[in-house]
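Written below as structure tokens is the structure these notes are about.
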Amino acid sequence: MPMKENLPFRLWFYFRQGWATYFTFIFSAINTLTVTYYLAIDKYPLLKELFPTFVNYVAIMAAIAIPLLIIAGYIHYKKSSAFKAEADINIEANPHLRRILVNTELLLPVYLQLTEVLVKLSKNEKLTEKQIDDLSKLQKELSEHIDKRIVDKP
């Protein structure tokens, strides 16, 4: 689909990414810090002693929260099954990613056979009749795949 035909959807996508990733993140951090300080800490003398000014509170919270959030992000990507589930859902839901996966899986045997043929030819060896038949069969399978493939077909 040409870009002009789907330009409104592209703009909508970029808007949502900017909003969700940057604006909402910054706005919610400022909002949370402001609300917690002026509605909670400012009203309790004990907490006011720990955080005498708003700037002091922000600095201390940032020093605590940033490392904690980095650890949480690391755990999300590296130590939990959450990210794997998200990646699986993206592959299942996105026909382009699914097609890349299918094509990659289909091409691995081709690469293997090509390297076997290259090694044989570099040693000046002839291909056996079985190898030639296997290559022809593989070529036919690839040709059929190319003829019947569509982007959104599982």
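The values are calculated or read from the model by the stated rules, or taken from the named source; none is laboratory data. Small disclaimer: the values here were computed from a predicted structure and weren't measured. Using ideal geometry, Cβ is built from the backbone for each residue, glycine included, and neighbour counts are taken over all protein chains shown. These area figures cover heavy atoms from the full protein model, side chains too; ligands, DNA and RNA do not enter into them. Shrake-Rupley method; radii C 1.70, N 1.55, O 1.52, S 1.80 Å.
The table that follows gives values for the structure above.
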item: Theoretical FRET efficiency, 1/(1+(r/R0)^6), r = Cβ-Cβ of Ala85 and Leu50, R0 30 Å, to 0.05; result: 0.15
item: 1.4 Å probe accessible area per residue over segment 82-130, in Å²; result: 79
item: Sites Ile75 and Lys137 - FRET efficiency at Förster radius 35 Å, r taken between beta-carbons, to 0.05; result: 0.15
item: Apportionment of accessible area to carbon and sulfur, the chain, percent (1.4 Å); result: 69
item: Value of relative contact order over segment 20-154, rounded to a whole percent, pairs C-alpha under 8 Å and six or more apart; result: 19
item: Within the chain: Cβ-based charge dipole about Cα centre, in debye rounded to nearest 20 (Lys, Arg +1; Asp, Glu -1); result: 180
item: Farthest positive-ward along the chain dipole, Cα basis, beta-carbon charges - from Asn56, Asn103, Leu121; result: Asn56
item: Debye-sum result for the chain in log10 I(q)/I(0), which assumes one identical scatterer on each alpha carbon, at q = 0.15, 0.17, 0.21 Å⁻¹; result: -1.03, -1.12, -1.29
item: Rg(Cα)/(2.2 N^0.38 Å) for segment 83-153, N = residue count; result: 1.48
item: Prolate/oblate/rounded call for segment 76-116, Cα gyration tensor, a/c under 1.5 rounded; result: oblate
item: Cα gyration tensor shape for segment 1-83, rounded if a/c is under 1.5, else prolate or oblate; result: oblate
item: Karplus 3J(HN,Hα) series, Hz, for segment 54-64 with 6.51 cos²θ - 1.76 cosθ + 1.60 (x for Gly, Pro); result: 4, 4, 4, 4, 4, 4, 5, 4, 5, 5, 8
item: Helix 82-93 vs. the chain, principal-axis angle (Cα, 0 to 90°, nearest 10); result: 50
item: Mean-position separation - Cα centroids, segment 84-140 and segment 6-22, in angstrom; result: 37
